[in-house]
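**Q** Dumping the structure here so I can ask a few things about it.
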Amino acid sequence: MTTPILETQALTMRFGGLVAVNNFSMQMGDTDLVGVIGPNGAGKTTIFNMITGIYEPTEGDVRLSGKSLVGEQVALITQKGIARTFQNIRLFKDLTVLDNIRLAGHSRMKYGLIANILRTKKFHEEESRLKEEAIKLLKIFKLENKMDHLAKNLPYGEQRKLEIARALATKPKVLLLDEPAAGMNPNETADLTKLIKWVRDEFQIAILLIEHDMRLVMEVCERIYVVDHGELIAHGNPSEIQNNPKVIEAYLGAQSEEGEQ
Amino acid sequence: MDYLAHLTLNTGIFIILAVSLNLINGICGQFSLGHAGFWAVGAYTGAAYGVFLAPEALPDFINLFISCGIGFVVAALSGLLIGVPCLRLRGDYLAIATLGFGEIIRILIMNMDVVGGPRGFTNIPNWSNLFWVYFWVVITIVFCANLLRGTHGRAIISIREDEIAADSMGIYTFKYKTLAFVIGAGFAGLAGSLFAHAQQFLHPNGFTFMWSVIILLMIILGGLGSITGAIVGAVILTILPEMLRFMGETVSQWRMVIYSILLICLMLWRPSGIFGKHEFNILKFFKKDEEATS
């Protein structure tokens, strides 16, 4: 078997006495579309934060193409190929749409500080290449006519789109989406469903997403991991998950409890 | 030097101070209250060069150039020394740490007999003049403006906007915070050196915490994050107290009160400062005309 692009091994996170995530293991291949679901507070975002290096896991390992990422800086993990979006959109609000995308290309810029100040030939070459790349990406997301708008002035749905575009501008191998459909109406969610699939096919990357909208998850994901109280309780394809008694219990409560009520 | 020329020269020095603090506070979003400290470091090292080391044979402007260079480098190094531990702190904590640094510098100088200690540092050669002060003003402004139009400047802005998001974009935020801090400190040191060679006399009490606050006021007045705002803020806050001095006896007596009331009014009507985060850009006017005609 080939090495999975992203793999977590027995990932555990404790905050003092609280076990937020316990023994979470998963694998995904080069172009997999995988979902992580679970009730509120189940530890999904904590898993994302451990993968992207914001938290250092108490135990366990995160591997990208077989190489461990634990203990690396957040910025370096992004440069190695893991990009993410956030549950509550974190755009650079007072910067333009174009600058948001350009910032994602920052680590690929090779000119130094002096070249920046003196605006040398190298500076102009690299800047114009960066701008071209950014505009190309914005065209794909149909945001190019808004590239001079401030990010905060975009409608909500477009802010979500811009955040995905910005994550893609770091040229990732794995894209992590944290509740991309949060706050969207059914129409926008339907568009997003198409968009996610299309991004995977177009960019040929692996996508891991956290989502509460079950219709989106079931439609988009090929495999789903279910966590509850920090524990992995089920794993499988959408139809397996839908019929898994443990999952139904986690979401709707156990049969006996219902009887008591 | 006559009064007006002196005032103009001081305005130039405060423009450099305000623009450099704006890089740290306004553009990078790190709340520093130690700018007077870096100013003092630059002033005293620049002056020390002038008094102890400067070869007489060199023309004054070359000596001033070297003195400014030394002021810049030493202040930048002290910025690095303070920045690396302090920039791990955020918001109020960073403000308190940098405030402490400013006071430590002042007390240190107070106890250094080589530079006069509490008696003040005298006999500093008079090298500064309007031309060289405004030469450095232009350099500072062009430096900052060009920085912001490149990837390094954008990285610094992104820290103000959202540090976690900047990290997740592959930007080494700590590195860029330190960079902004070091450059800001360096230019404050340069302003210090120019100041020393204009005043010809330095006293540690001329670099109290109050000055850090006044420079901060300048950039808040002009609009945090705007270079144009920092310049306008520096001009207003250097000239306004002097103007009030000549507006009759009553005004002159109450000038500090009037000054404070004006600031309060501005904060009530325009809490984001005169310019907000915007820059005054002549090119924009031309562009608008083009759009209107097309």
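The values are calculated or read from the model by the stated rules, or taken from the named source; none is laboratory data. Keep in mind it's a predicted model, so treat the numbers as computed, not measured. Here the Cβ is made from the backbone with ideal geometry for all residues, glycine too, and neighbour counts use every protein chain on show. Each accessible area value is taken on the protein alone, full model and side chains, heavy atoms only, with ligands, DNA and RNA left out. Shrake-Rupley method; radii C 1.70, N 1.55, O 1.52, S 1.80 Å.
**Q** Just add up the charged neighbours of residue A:67: K/R +1, D/E -1, any other residue whose Cβ is under 13 Å from the Cβ of residue A:67.
**A** Charge balance near residue A:67 sits at 0.
**Q** To make sure I understand the rule: partners must be lysines, Cα under 16 Å from the Cα of residue A:93, and not fewer than 8 residues away in the same chain. Which ones qualify?
**A** By straight Cα distance, residue A:93 reaches A:146, A:152, A:161, B:277.
**Q** What figure in square angstrom, to the nearest 10, would you give for the accessible area of residue B:160 with a 1.4 Å probe?
**A** Surface open to solvent at residue B:160 totals about 60 Å².
**Q** Starting from the Cα gyration tensor of the range A:174-261, take the square roots of the eigenvalues, sort them a ≥ b ≥ c, and report rounded, prolate or oblate (rounded when a/c is under 1.5, otherwise prolate if a/b is larger than b/c, else oblate). Please list the in-between numbers first.
**A** Values: a/c = 2.53, a/b = 1.84, b/c = 1.37.
Prolate is the answer for the range A:174-261, as a/c is 1.5 or above and a/b outweighs b/c.
**Q** On to the next question. Leaving out ligands, DNA and RNA but keeping every protein chain, what accessible area does residue A:3 have, in Å² rounded to the nearest 10, with a 1.4 Å probe?
**A** About 90 Å², ignoring ligands and nucleic acids.
**Q** Further question: Given R₀ = 56 Å, FRET efficiency for residue A:61-residue B:126 by Cβ-Cβ distance, to 0.05?
**A** Taking R0 as 56 Å, the efficiency between residue A:61 and residue B:126 is 0.25.
**Q** Rounded to the nearest 500, what is the 222 nm mean residue ellipticity of chain B from helices alone, with -39500 (n - 2.57) per DSSP H run of 4+ residues and division by all residues?
**A** Computed ellipticity for chain B at 222 nm equals -23500 deg cm²/dmol.
**Q** Related question: How big is the B/A interface in buried accessible area, both sides summed, 1.4 Å probe, to the nearest 100 Å²?
**A** 2700
**Q** I need the calculated FRET efficiency for the pair residue B:252 and residue B:119, taking r as the beta carbon distance and R₀ as 30 Å, to the nearest 0.05.
**A** 0.45
**Q** Could you give the length gained on full extension between residue A:239 and residue A:118, defined as 0.36 nm per residue of separation minus the Cα-Cα distance, in nm?
**A** Difference between extended and current length: 37.6 nm.
**Q** Return a whole-number percent for the relative contact order of chain B, with Cα pairs under 8 Å and 6 or more residues apart as the contact set.
**A** Result for chain B is 32 percent.
**Q** Run the dipole for the protein assembly as shown about the Cα centre, Lys and Arg Cβ at +1, Asp and Glu Cβ at -1, nothing else charged, and hand back the magnitude in debye, nearest 20.
**A** That gives the protein assembly as shown a dipole magnitude of about 1360 debye.
**Q** For residue A:44, list the lysines whose Cα falls under 20 Å from its own Cα; do not include residues on the same chain fewer than 8 positions away.
**A** A:246
**Q** GNM on chain A, C-alpha springs below 10 Å: top fluctuator among A:162, A:175, A:103?
**A** Looking only at A:162, A:175, A:103, the biggest GNM fluctuation is shown by A:103.
**Q** Mind checking A:100-110 for the average number of partner chain beta-carbons within 10 Å of each residue's beta-carbon?
**A** Working: counts 5, 1, 3, 11, 6, 4, 11, 6, 2, 5, 1.
Average per residue, whole number: 5.
**Q** Solvent-accessible area per residue for chain A at a 1.4 Å probe radius, Å²?
**A** 47
**Q** In addition: Specify, per residue and in Å³, the volume enclosed by the convex hull of the alpha carbon atoms belonging to the range A:91-170.
**A** 85
**Q** Can you give the average number of partner chain beta-carbon atoms within 10 Å of each beta-carbon in peptide B:157-166, as a whole number?
**A** Rounded to a whole number, the mean comes out at 6.
**Q** Give, in nm to one decimal, the length gained when the segment between residue A:203 and residue A:222 is fully stretched (0.36 nm per residue of separation minus the Cα-Cα distance). Can you show the working numbers first?
**A** Values: separation 19, 0.36 × 19 = 6.84 nm, distance 1.72 nm.
So the chain would gain 5.1 nm between residue A:203 and residue A:222.
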